[in-house]
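Laboratory data are not the source of any read-out in this text; all were calculated from the coordinates shown. Quantities reported herein were computed from a predicted structural model and do not represent experimental measurements. Cβ sites come from the backbone with ideal geometry, for glycine too, and all protein chains shown count toward neighbours.
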Amino acid sequence: MADKDFVIIDSAREEEQKKVLEQIVADNVCPFCPENLKKYHKKPIIKDGKYWTLTFNQWPYENTKHHFLAIHKTHIEHLNDLLPEASQELFELFQYVSKENNMPGGAFLMRFGSNPEYGTYGNSVLHLHAHLIEPDLENQKGEAIRFKIGDPKNRKNK
Ligand SMILES: [Zn+2]
């Protein structure tokens, strides 16, 4: 077990994602820190900001038309550690891809932090990141997109 958890394997939604998360645990590094990102993240970078790297989600949720990811460029885990300028840049980057892709609507999602007793709030990577999602309304099958917050399965003390 690592001294510090950077990722939560139980949050993996796909087999390939689980393998990558297991490798990250074995390597004992944060996959979203800039020096490690290239090794684990295989999607192209859309924009490289001062505070955020804008890219595509490596494992987009089912029934999504677009699933973008903004990854904070230094290792922070909590909303309260965000600088006002970084918050502004995040919205500018998401507005950029929203306009580029003519998104009529969608969702902006960000989990943050972890609970010392119970673990995370559903985030598979603790390094602060945000999602911008447009559901595929035309081809949506089955259920609505599910974004887990506070999954009891991820509890440290099961
Ligand atoms: Zn990190």
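A few points about this structure:
- The GluC sites (Glu not before Pro) found in region 88-131 that occupy coil by DSSP, while having at most 14 further C-beta atoms within 10 Å, are Glu117.
- Percent RCO, i.e. relative contact order, over the chain, from Cα pairs under 8 Å lying at least 6 residues apart: 26 percent
- When +1 charges are put on Lys and Arg Cβ atoms and -1 charges on Asp and Glu Cβ atoms, the dipole computed for the chain relative to its Cα centre reaches about 200 debye.
- Taking a point 7 Å from the Cα of Arg13 along the Cα-to-Cβ direction, the residues of region 85-124 with backbone N closer than 15 Å to it are 107-111, 122-124.
- The GluC sites (Glu not before Pro) of region 4-60 that meet both conditions, a loop assignment by DSSP and at most 12 other Cβ atoms within 10 Å of the site Cβ, are Glu14.
- Counting every other Cβ atom within 10 Å of each residue's Cβ, Ser114, Ser87 order from fewest to most as Ser87, Ser114.
- Applying 1/(1 + (r/R0)^6) with R0 = 30 Å to the Cβ-Cβ distance of Asn102 and Asn28 gives a FRET efficiency near 0.10.
- In nm, spacing of pseudo-spin labels at Lys39 and Thr74 (7 Å Cα→C-beta vector): 2.2 nm
- In terms of distances greater than 19 angstrom between alpha carbons, the cross-link table entries Lys19/Lys43; Lys19/Lys39; Lys38/Lys65; Lys18/Lys43 yield Lys38/Lys65.
- Between the C-alpha center of region 35-50 and that of region 81-134 there is a gap of 15 Å.
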